[in-house]
Amino acid sequence: MEIIFNKLCYLENKNSSSENKYLDDVNLVITQGEIAAFVSDDLSIVGELIMAFKRPSKGELKLDDVVIKRTSHINNINLLRKKVGFIKTDIENSLTKTVKEEIKKTMKNYGYKASNVTKHIADSLRIVGLGEDYLERDCKTLSYTEKKKVSLACAMSYNPEVLILENFEKGLIFREREYFRKLFLKLKNKFKKTIILIGTDLTFLFDIVDKVYVINKGKLVLSGDKDIFYEDKLYKYVEMPKIVEFTKYVHQNGHDILEYTDIKELIKELYRNVK
């Protein structure tokens, strides 16, 4: 699914003292099968607009042949929403049933019919690294990371084309973050998913994203591929990743190394220089 923002605007409390512009005349294209990142503190609205839970104030959003405008009619809106999985910040805290029941509920909400529901649920769990022994587990007894995996399995259960994840890395330790980073690359490369990550943690986004869109006060102030992480103007808006900070420090001290976006390649480069 190709996603096009065409002069897209979304604001709340128009013409009041509490007016808030989330998106202001934004133009961009998210290509099918890529990982795109929206860098902003608060952009839940991106997922809500793509799923047509909310409508643009001005402009339009195009999802293949579907056009979402402020007053447009969408034929078969449930089919559109079935193509998108949206995991909001801390959504895992809303899990209250058994793992099996939570995934089955999600499938039912999106009208997914599978001939063997239990096997299909088990397959969704397996994708995120959980076994069938989790099926009857009460979600309230799961660890924070396990809940993250179950929320992702819920989204994967109806096989959406697009995954939207808001601040998904929040609360995870390094090893868990690396697990999900590798999983997102697998979902992109093996299962051809388009993945939209929303947040401000560039260390988590670093080297897995194909496109980066920086939103500040509703405006698209900066965009580009992963090389954008080495542009100084990016750090007017967000904290610098440690790998970039280290590379810039090395340059400032008179050493010439390449600007890597892969930590393993950087380590190899350092090893070669030390030798």
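The values are calculated or read from the model by the stated rules, or taken from the named source; none is laboratory data. On a predicted model such as this, the values are computed, not experimentally measured, just so you know. Virtual Cβ from ideal backbone geometry, glycine too; neighbours counted across all protein chains shown. For accessibility, only protein heavy atoms count, side chains too; no ligands or nucleic acids. Shrake-Rupley method; radii C 1.70, N 1.55, O 1.52, S 1.80 Å.
Residues that are touching a helix residue (DSSP H, G or I) at 6+ places or on another chain (Cβ under 7 Å) and within 17 Å of Tyr158 (Cα to Cα) within segment 66-87 comprise Val84, Gly85, Phe86, Ile87, listed in sequence order.
Checked across segment 154-161, the condition of being outside any helix (DSSP H, G or I), of a type outside the set (S, T, N, Q) and modelled with pLDDT of 90 or more holds for at least one residue.
Based on what the data block shows, is Lys170 of a type in the set (Lys, Arg) and in a helix (DSSP H, G or I)? So Lys170 fails the test. Taken over segment 78-99, the residue count meeting the criterion of being under 17 Å from Val162 (Cβ atoms) and either open to solvent by 50 Å² or more (accessible area, probe 1.4 Å) or not aliphatic (A, V, I, L, M) (or both) is 9.
Scanning segment 135-162 for residues that are of a type in the set (A, V, I, L, M, F, W, C), over 12 Å from Leu95 (Cβ atoms) and surrounded by fewer than 19 Cβ atoms within 10 Å (Cβ to Cβ) yields one hit, Leu135.
Is it the case that segment 56-63 has a residue that's touching a residue at least 60 places away in the same chain (Cβ under 8 Å) and either touching a His at 6+ places or on another chain (Cβ under 8 Å) or surrounded by 21 or more Cβ atoms within 10 Å (Cβ to Cβ) (or both)? Yes, some residue in segment 56-63 is touching a residue at least 60 places away in the same chain (Cβ under 8 Å) and either touching a His at 6+ places or on another chain (Cβ under 8 Å) or surrounded by 21 or more Cβ atoms within 10 Å (Cβ to Cβ) (or both).
If you go through segment 105-118 and keep only what is open to solvent by 70 Å² or more (accessible area, probe 1.4 Å), of a type outside the set (S, T, N, Q) and under 23 Å from the mean Cα position of the chain (by Cα), you end up with just Lys105.
Per the listing Glu102, Glu132, the residue uniquely out of contact with any Gly (no Cβ under 8 Å at 6 or more places or on another chain) and crowded, with 18+ Cβ neighbours inside 10 Å is Glu102.
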